[in-house]
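Colleague: This is the structure I have questions about; it appears just below.
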Amino acid sequence: MLKRKDLLGLMDVSAEEIMEILDRAREMKKLFSQEVKKTNSLSGKTVCTLFYENSTRTKTSFDTAAKLLGASTSAISASTSSIQKGETLIDTGKTLDALMTDAIVIRHSAAGSPHLLAKNVKAHVINGGDGLHEHPTQALLDMLTIYNRFGSFKGLKVVIAGDIKHSRVARSNVWGLSKMGAEVTLVGPATLMPFDADRMGCKISYDLDEAVEGANIVMGLRLQLERQQAGLFPSAAEYHKYYGITEKRLAKAESDAILLHPGPINRGLELSSGAADGESSFILEQVNNGVAVRMAVLELLIKG
Ligand code: CP
């Protein structure tokens, strides 16, 4: 069982802990092929999703994961709760403690919000994405997809392409995949590369055609238009021309390479529809693995 109260990011999680989560997630995934997928592992426990930003995959899969483990669930969204009346994050968290919540999954636009919440509540806190910082369960489900396909991380060439600067998914994947022995290359236009990219311990490239050559995993990232100032790239057409992942570009990767994307996809921008729906696309497998990973994280934290 994980010997930690919260899961706030992968930067401070060890390779052994990551492997423990992935192994447990693989056990959870065996349930999916059974007629009755539910267990009573977290019967009597409660999980709350506290989302200050929109979500389809993360929120729904945490809710599904908690229910498949037999837990009760509740959901708070910023637009319809007392957050609109000015309640602070800490007051909302203490209220959830008083409501006997065992785990809170938080998504917030401000980096560090899950850390602030975790220091102030008894409940386990799981980061469902904080600003430009981390999205640990997304990286874990990406890693589960890779592990299920290749059986190991050692020496795998992973290319993460696109809007690195605004991507919490990229950061969590860099920390997680590097710890497991994969070789990560970040590729994108210089205007979408974080200023500290050269201190993240991975390779940096500005040429997608060159970077995908011989790659085992090509991970596209959503162009986060809502977090960008104007002028970071000339036009959508030019962005797609130089940094769009297409079938032609994927053909330069290894023959058994897989395409990943955290979703939601901007079709025709970071991914062509041919690539997104092609044979090497594991995008929907990632979504399915998200439920298994979140079941594992909830169980290991709450029972640990
Ligand atoms: N990948 C991801 O976090 O998707 P959602 O924004 O739909 O949760």
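Colleague: Using only Cα atoms and rounding to the nearest 10 degrees, what angle (0 to 90) does helix 15-31 make with the longest principal axis of the chain?
Modeller: Roughly 80 degrees, rounded to the nearest 10.
Colleague: Further question: Do you know the relative contact order of the stretch 136-284, to the nearest whole percent, from alpha carbon pairs under 8 angstrom that are 6+ apart?
Modeller: Relative contact order here is 24 percent.
Colleague: Lys/Arg Cβ at +1, Asp/Glu Cβ at -1, dipole of the chain taken about the Cα centre: which of G188, V121, P234 is farthest positive-ward?
Modeller: So the residue we want is V121.
Colleague: Let me ask something additional. Once each part is reduced to its C-alpha centroid, what is the distance from the stretch 139-154 to the stretch 69-110 in angstrom?
Modeller: Answer, in whole Å: 31.
Colleague: Additional query: Taking the Cα centre of the chain as origin and charging only Cβ (+1 Lys, Arg; -1 Asp, Glu), how large is the dipole, in debye to the nearest 20?
Modeller: Its charge dipole is roughly 760 debye.
Colleague: Note the count of lysine pairs whose C-alpha atoms are less than 22 angstrom apart in the stretch 1-47, limited to pairs 8 or more residues apart or on different chains.
Modeller: For the stretch 1-47, qualifying lysine pairs total 7.
Colleague: Shape verdict for the stretch 132-259, please, from the Cα gyration tensor: rounded (a/c under 1.5), prolate (a/b greater than b/c) or oblate.
Modeller: Working: a/c = 1.82, a/b = 1.27, b/c = 1.43.
Here the stretch 132-259 falls in the oblate category.
Colleague: Between L31 and S152, what length comes free when the chain is fully extended (0.36 nm per residue of separation minus the Cα-Cα distance, one decimal in nm)?
Modeller: Residue separation times 0.36 nm, minus the Cα-Cα distance, leaves 41.3 nm.
Colleague: To the nearest 20 debye, what is the magnitude of the charge dipole of the stretch 136-284 about its Cα centre, counting +1 on the Cβ of each Lys and Arg and -1 on the Cβ of each Asp and Glu?
Modeller: On the way: 16 positive and 17 negative charges, 79 e Å.
For this selection, approximately 380 debye.
Colleague: Using a Gaussian network model of the chain with C-alpha springs under 10 Å, which one of D207, D63, D142 is most mobile by mean-square fluctuation?
Modeller: Looking only at D207, D63, D142, the biggest GNM fluctuation is shown by D207.
Colleague: Something else about it: Please report the antiparallel percentage of DSSP beta bridges with both residues in the chain, rounded to the nearest 5.
Modeller: Percent antiparallel among DSSP bridges in the chain is about 5.
Colleague: Moving on to the next point. Determine the gain in length on full extension of the stretch S74-R4; use 0.36 nm per residue of separation and subtract their C-alpha separation, reporting nm with one decimal.
Modeller: 22.9 nm
Colleague: Which of rounded, prolate, oblate describes the stretch 113-197, given a ≥ b ≥ c as roots of the alpha-carbon gyration tensor eigenvalues and a/c under 1.5 marking rounded, otherwise prolate only if a/b is larger than b/c?
Modeller: On the way: a/c = 2.71, a/b = 1.29, b/c = 2.11.
Verdict is oblate for the stretch 113-197.
Colleague: Then there is this: What angle do you read, to the nearest 10 degrees and between 0 and 90, between the alpha-carbon axis of helix 89-98 and the longest principal axis of the chain?
Modeller: For 89-98 against the chain, the angle is about 50 degrees.
Colleague: To continue, here is another question. Given a 1.4 Å probe and heavy atoms of the protein chains only, how would you sort R26, R199, R294, R249, largest accessible area at the top?
Modeller: From most exposed to least exposed: R199, R26, R249, R294.
Colleague: Which order do the peptides 77-86, 183-192, 151-160 take when ranked by the mean count of other beta-carbon atoms within 10 Å per residue, highest first?
Modeller: Packing proxy ranking, top to bottom: 183-192, 151-160, 77-86.
The values are calculated or read from the model by the stated rules, or taken from the named source; none is laboratory data. These figures come from a predicted structure and were not determined experimentally. We place every Cβ from the backbone using ideal geometry, glycine too, and count neighbours over all the protein chains shown. Only protein heavy atoms, including side chains, enter the accessible area calculation; ligands, DNA and RNA are left aside. Shrake-Rupley method; radii C 1.70, N 1.55, O 1.52, S 1.80 Å.
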